[in-house]
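For reference, the structure discussed in these notes is given below.
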Amino acid sequence: MPPADGTMEDLTVVECTRCPALVDSRSRIVNGVGPRDAELVIVGEAPGEQEDRTGEPFVGRSGSVLTDALHAAGIDREDIRITNAVRCRPPDNRNPHSNELARCRDWLEAELSAIDPAVILAVGKVPASHLLDRDVAVTAEAGTVERLTLGDRRYPVVICVHPAAVLYDRSQEERLADAIETAAHHLGVSPDDRQRSLGDF
Ligand code: SF4
């Protein structure tokens, strides 16, 4: 039953005014991108400045880090779905508040249930804690796999550091790569697949 203060059409939230502070700070709602039959869904925290401007999740420098790490694991970005725990940019890039995460949750769950992926990659502490409903120590737990139940489905959730962390601390690079490789393993993809496909050209 669609809520009175929001409308989703074909996985796109076209109108939503549930979070007054975010309605004021956003210039648009940033919906998930990627195919409806994606086997991997990446869930980030919230749109930043560039995402708010372009309308697409994970663009800019951290988006490049993510794309490169996916590529190294044999995953093409255009084959996967990328979305956020909240769809509107918080003011001054603060973390989304718990009530904002809660209000956006049914949009996220509707998207995840419709996509029905083989695996979910939660990038960063906020989305990992939100999806798993506990306080996740993302650096220590990166690469760990837990389960998320939605309806009668249970999805593996791989905990992953945020790609932005790699920009500030190169030691996080290996953690990011390991977590993405764990997700790739659930898809039956390996870096060798990437090397083979490149070798075809
Ligand atoms: S963050 Fe989500 S729930 Fe809040 S206004 Fe934006 S779309 Fe609506």
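Where both partners of a DSSP beta bridge lie in the chain, what percent of those bridges are antiparallel, to the nearest 5?
So the antiparallel bridges in the chain amount to around 50 percent.
Report, in degrees rounded to the nearest 10, the 0 to 90 angle that the Cα long axis of helix 98-115 makes with the longest principal axis of the chain.
For 98-115 against the chain, the angle is about 60 degrees.
So, by mean Cβ neighbours within 10 angstrom, what's the order for 151-157, 56-62 with the highest one leading?
56-62, 151-157
If the chain between ASP169 and ARG153 were fully stretched, how many nm would it gain, using 0.36 nm times the residue separation less the Cα-Cα distance?
2.1 nm
Under the 0.36 nm per residue contour assumption, what length would be gained going from the current alpha-carbon distance of ASP178 and VAL23 to full extension?
Between ASP178 and VAL23, full extension yields 52.2 nm more.
As an exercise, find the ratio Rg/Rh for the stretch 27-120 from alpha-carbon atoms, using the Kirkwood inverse-distance average for Rh.
0.96
Where does the Debye-calculated log10 I(q)/I(0) of the chain sit at q = 0.08, 0.10, 0.12, 0.18 Å⁻¹, using only Cα point scatterers of equal weight, no solvent?
One equal scatterer on each Cα of the chain leads to -0.25, -0.39, -0.56, -1.29.
Could you calculate the FRET efficiency of ASP192 with ASP116 from 1/(1 + (r/R0)^6), where r is the beta carbon distance between them and R0 is 35 Å, rounded to 0.05?
So, using R0 = 35 Å, E works out to roughly 0.80.
Place a point 7 Å from the Cα of GLN50 along the Cα-to-Cβ direction; which residues of the stretch 137-170 have their backbone N under 15 Å from it?
Hits in the stretch 137-170 for GLN50 at 15 Å: 163-168.
Could you list the square roots of 5 times each eigenvalue of the Cα gyration tensor of the stretch 86-165, that is, the equivalent ellipsoid semi-axes, sorted largest first and rounded to whole Å?
20, 17, 10
Computed from the coordinates by the stated procedures, all read-outs in this text should not be read as laboratory data. These numbers were taken from a predicted model, which means no experiment stands behind them. Positions of Cβ are backbone-derived with ideal geometry, glycine not excepted, and every protein chain shown enters the neighbour counts.
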